[in-house]
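What follows is a set of notes on a single structure, which appears directly below.
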């Protein structure tokens, strides 16, 4: 593992001081009204009944959730006649064997295939975001033949495996100019009706990475789909082999005093961008590096090694009663979670002078505790993808971060093979969205295109945590136990 420079690595930890058991429900930031086109159905309602009511069997339910049993998915027919697949509380809204795109004409599509501008087997969805009536999907240019790196589909499905519509349009996906969108890993929608697109500028990532354009942030107005502004990262932030692969947006009480945090997964840094100042700065810390013991992965029968640094990020809920937020983060190749106050990293010149500002969260998740994406809902419940366990996990941030407080909301060896991205939408009743994509098999073995390879799933957050240790109704007054032995080395 990465060694700490000072202090005790296995710190005794409770939730940050302003997150207590006595704190009221977090006050969400009011949403702006964003009109939706009439050709989309905005009303998003569950198509199945709720989970069983909370009751005295909650402990049994929790123990079953932690078991290794992998229930087979169930199916039912939705209102549009679409076959809906369920995995615990999750419903699969979309699935694909191979991605395809909505070309203007079939002739255009065939020409693109002939010129190898579109190679279907090389396209893989990596990122997902949901805002109002639309779902956004990103396709990084891992290999040649990816015609559009960002696309959109309706939130309410009309078909199970639709063609992807390039966002905001085909003109933005030209390959002859850096004014277009080059290669996107993740996007983020904020509460002000804007889509933040992190363009890595990197192509052929799995063959011979080539930085053909500088990394940049593009921000679109989701009412008009017009570009509002862009910010190109300074040359000094682009290290050799840098890969900017994740973004999270920090909006508080207004839409101008906003910060975005960008993760450089291969060169172990965070770039902080201030919208009010239209300026960015890069921060580093030893906790951004991968842990050697976590560099070995096993997904089903596939073994591989990744030395990926800081990747997943999640923000504590905004509260009008607090002036600060917590940024939780972890390297991809790590079994641990870390945190820092946003007031620290938003201080361009002073962040490096604050000793021990970046800190370790309690206990390790244990062996095979690799997590890709994570997000926190308005009530302070963190959801995260366990990529080597075919699972989605959870943690109630009011409870100490230790294994007995880390719950499991879904697990399946078919529908959740490498759950890669995860987002929580902004609806009054929030849902957690997951994209699973079999990424390691795409990279090392190739995918079987006679089988379903990619899925977009969602579950209401309250149903997902019901009767698990993450349920706010299940309270405990335990404290963190300081594990000094080798039991916590993973």
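The figures follow:
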{"read-out": "Pick from region 305-333, criterion touching a helix residue (DSSP H, G or I) at 6+ places or on another chain (Cβ under 6 Å) and touching a residue at least 60 places away in the same chain (Cβ under 8 Å), ranking: surrounded by the fewest Cβ atoms within 10 Å (Cβ to Cβ)", "value": "324"}
{"read-out": "Condition broken by residue 132, with the remaining ones in (1) at pLDDT 95 or above; (2) out of contact with any helix residue (DSSP H, G or I) (no Cβ under 9 Å at 6 or more places or on another chain); (3) on the phi < 0 side of the Ramachandran plot satisfied", "value": "(3)"}
{"read-out": "Members of region 413-440 that are part of a strand (DSSP E or B) and without any contact (Cβ under 8 Å) to a residue 24 or more places away in the chain", "value": "436"}
{"read-out": "Breaking point among (1) within 19 Å of residue 457 (Cα to Cα); (2) out of contact with any helix residue (DSSP H, G or I) (no Cβ under 9 Å at 6 or more places or on another chain); (3) crowded, with 21+ Cβ neighbours inside 10 Å, for residue 381", "value": "(2)"}
{"read-out": "Of residues in region 345-361 being in contact with a helix residue (DSSP H, G or I) (Cβ under 6 Å, 6 or more places away or on another chain) and closer than 17 Å to residue 310 by Cβ, the one modelled with the lowest pLDDT", "value": "351"}
{"read-out": "Test: residue in region 311-327 that is part of a loop (DSSP other than H, G, I, E, B), farther than 23 Å from residue 195 by Cβ and under 19 Å from the mean Cα position of the chain (by Cα)", "value": "no"}
{"read-out": "Candidate set from region 77-108 (those that are surrounded by fewer than 12 Cβ atoms within 10 Å (Cβ to Cβ) and not in a loop (DSSP other than H, G, I, E, B)); member that is modelled with the lowest pLDDT", "value": "77"}
{"read-out": "Listing of strands (runs of 3 or more DSSP E) fully contained in region 254-303 that carry 3 or more residues being within 20 Å of the chain's Cα centre (by Cα)", "value": "259-264, 269-274"}
{"read-out": "Residue in region 187-215 that is surrounded by the most Cβ atoms within 10 Å (Cβ to Cβ), counting only those that are assigned to a strand (DSSP E or B) and over 19 Å from the mean Cα position of the chain (by Cα)", "value": "202"}
{"read-out": "Only one of 365, 375, 389 that is touching a residue at least 24 places away in the same chain (Cβ under 8 Å) and either in a loop (DSSP other than H, G, I, E, B) or closer than 21 Å to residue 283 by Cα (or both)", "value": "365"}
{"read-out": "Cβ pairs under 6 Å, 6+ apart, first in region 222-240 and at positive phi and assigned to a loop (DSSP other than H, G, I, E, B), second surrounded by 13 or more Cβ atoms within 10 Å (Cβ to Cβ) and modelled with pLDDT of 95 or more", "value": "225/168"}
{"read-out": "Residue match in region 152-175 (condition: under 23 Å from residue 237 (Cβ atoms) and part of a strand (DSSP E or B))", "value": "no"}
{"read-out": "Residue list for region 397-412, restricted to those being out of contact with any helix residue (DSSP H, G or I) (no Cβ under 9 Å at 6 or more places or on another chain) and in a loop (DSSP other than H, G, I, E, B)", "value": "397, 398, 400, 401, 402, 412"}
{"read-out": "Selection within region 453-476 - in a loop (DSSP other than H, G, I, E, B) and surrounded by 20 or more Cβ atoms within 10 Å (Cβ to Cβ)", "value": "453, 466, 467, 468, 469, 470, 471"}
{"read-out": "Considering residues of region 342-359 that are without any contact (Cβ under 8 Å) to a residue 60 or more places away in the chain and under 19 Å from residue 258 (Cα atoms) only, the residue surrounded by the fewest Cβ atoms within 10 Å (Cβ to Cβ)", "value": "349"}
{"read-out": "Any hit, region 109-119, residues being in a loop (DSSP other than H, G, I, E, B) and in contact with a strand residue (DSSP E or B) (Cβ under 6 Å, 6 or more places away or on another chain)", "value": "no"}
{"read-out": "Some residue of region 434-452 being crowded, with 24+ Cβ neighbours inside 10 Å and touching a helix residue (DSSP H, G or I) at 6+ places or on another chain (Cβ under 8 Å)", "value": "no"}
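The values are calculated or read from the model by the stated rules, or taken from the named source; none is laboratory data. From a predicted model like this one, the values you see are computed outputs, not experimental measurements. Quick reminder, even Gly has a Cβ in these numbers, built from the backbone with ideal geometry, and neighbours come from all protein chains shown.
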